[in-house]
1. Just to verify a result, which residue in the range 103-121, among those that are β-branched (Val, Ile, Thr) and in contact with a Ser or Thr (Cβ under 8 Å, 6 or more places away or on another chain), is surrounded by the fewest Cβ atoms within 10 Å (Cβ to Cβ)?
2. Name the residues in the range 163-183 that are in a helix (DSSP H, G or I) and polar (S, T, N, Q), would you?
3. Can you pull out the residues in the range 3-47 that are assigned to a helix (DSSP H, G or I) and hydrophobic (A, V, I, L, M, F, W, C)?
4. If you check 275, 270, which single one turns out to be under 26 Å from the mean Cα position of the chain (by Cα), at pLDDT below 90 and not in a helix (DSSP H, G or I)?
5. For the range 185-207, does any single residue satisfy the condition of being closer than 30 Å to residue 85 by Cα, part of a loop (DSSP other than H, G, I, E, B) and not polar (S, T, N, Q)?
6. Considering every residue within the range 95-115, establish whether at least one is under 14 Å from the mean Cα position of the chain (by Cα), acidic (Asp, Glu) and part of a helix (DSSP H, G or I).
7. Condition test on residue 154, is it surrounded by fewer than 21 Cβ atoms within 10 Å (Cβ to Cβ) and touching a Pro at 6+ places or on another chain (Cβ under 7 Å)?
8. From the list 34, 3, which one is modelled with pLDDT under 95, over 16 Å from residue 115 (Cβ atoms) and either surrounded by 15 or more Cβ atoms within 10 Å (Cβ to Cβ) or not assigned by TED's automatic domain parsing to the domain that holds residue 107 (or both)?
Amino acid sequence: MQDGLIGYERHDALAVLTLNRPEKLNAINAAMIDGLHRTLDAAEADDGVRVVVLTGAGRAFSSGFDLDMETGGEGRPDPLAVRRALENDFRVIMRFWDCPKVTIAAVHRYCLGSAMELAVACDLTIAADDCVFGAPEVRFGSGIVAMLLPWLIGPKRAKQLLLTGEDRLPAAEALQMGLVSQVVAPDRLMDAAFELGGRIAANDRLAVSLTKQAINRSLDVAGMRQALLQALELDVIIETTETAESREFNAILKRDGAKAAIAWRSAQTGQRTSGKTT
């Protein structure tokens, strides 16, 4: 089965979903989100599938979610369109968390922005040792769609990653933080995912499913789901509120590119820019 921008293959009891927009480093757009929903529907409906593996074609797992949104008057983002887009992003990320089958992300080279949220929403995340992680949203005046990190790696580490806009976190550090489950050589990535998925698939189906539910429900009881929804509301505010700083930043971004815009903002605060952009 091939869903255009999302590949779907069966490997015994494993369904492999592949982000398939390599010319854009698998930046996830609305059509890919629709494809992920359809392929997840297929995997969940197939009794022969016990584990879902998510990976990316080409040079990277994903550079993030596309931020293109409908605009309203004066070229500004339309608030209703922004809300719809963010809610759709949130839903597809959380489908991997809520999936009745075990989900495994196999990531390489770049795993950034909301694509990182998608990877960590999976039950297990295997990273190639060449993979870099990051959440550069605050550098561009954007917010976090699914605020999972404080629940998974703790508030201090989440704040360090999210408030700095770090976009070059090495896989080894991501493992140390608890952001990923395992780090392997790049040429071992899919073999490792299949081996891990096979071990899980060999266990009792009901026991595995209900154990996943028990772990996830323990976080929901602690308030995670409500906190995620509240964080999503704040993200809507971030994306729809215009300030003098954001107007100037976006004008420079559109005219001169990301490096120039980031350098401009750094100059306003007396900070040197690292020159790193995603």
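The values are calculated or read from the model by the stated rules, or taken from the named source; none is laboratory data. A quick note: this is a predicted structure, and the numbers were derived from the prediction, not measured. Quick reminder, even Gly has a Cβ in these numbers, built from the backbone with ideal geometry, and neighbours come from all protein chains shown.
1. Ranking the candidates gives 104 first.
2. Of everything in the range 163-183, those that are in a helix (DSSP H, G or I) and polar (S, T, N, Q) turn out to be 164, 176.
3. Result: 30, 31, 32, 33, 36, 40, 42, 43, 45.
4. Numbers: 270 fails: under 26 Å from the mean Cα position of the chain (by Cα).
Among 275, 270, only 275 is under 26 Å from the mean Cα position of the chain (by Cα), at pLDDT below 90 and not in a helix (DSSP H, G or I).
5. no
6. No, the conditions are met nowhere in the range 95-115.
7. Judged against the criteria, residue 154 is not a match.
8. Of 34, 3, the one residue that is modelled with pLDDT under 95, over 16 Å from residue 115 (Cβ atoms) and either surrounded by 15 or more Cβ atoms within 10 Å (Cβ to Cβ) or not assigned by TED's automatic domain parsing to the domain that holds residue 107 (or both) is 3.
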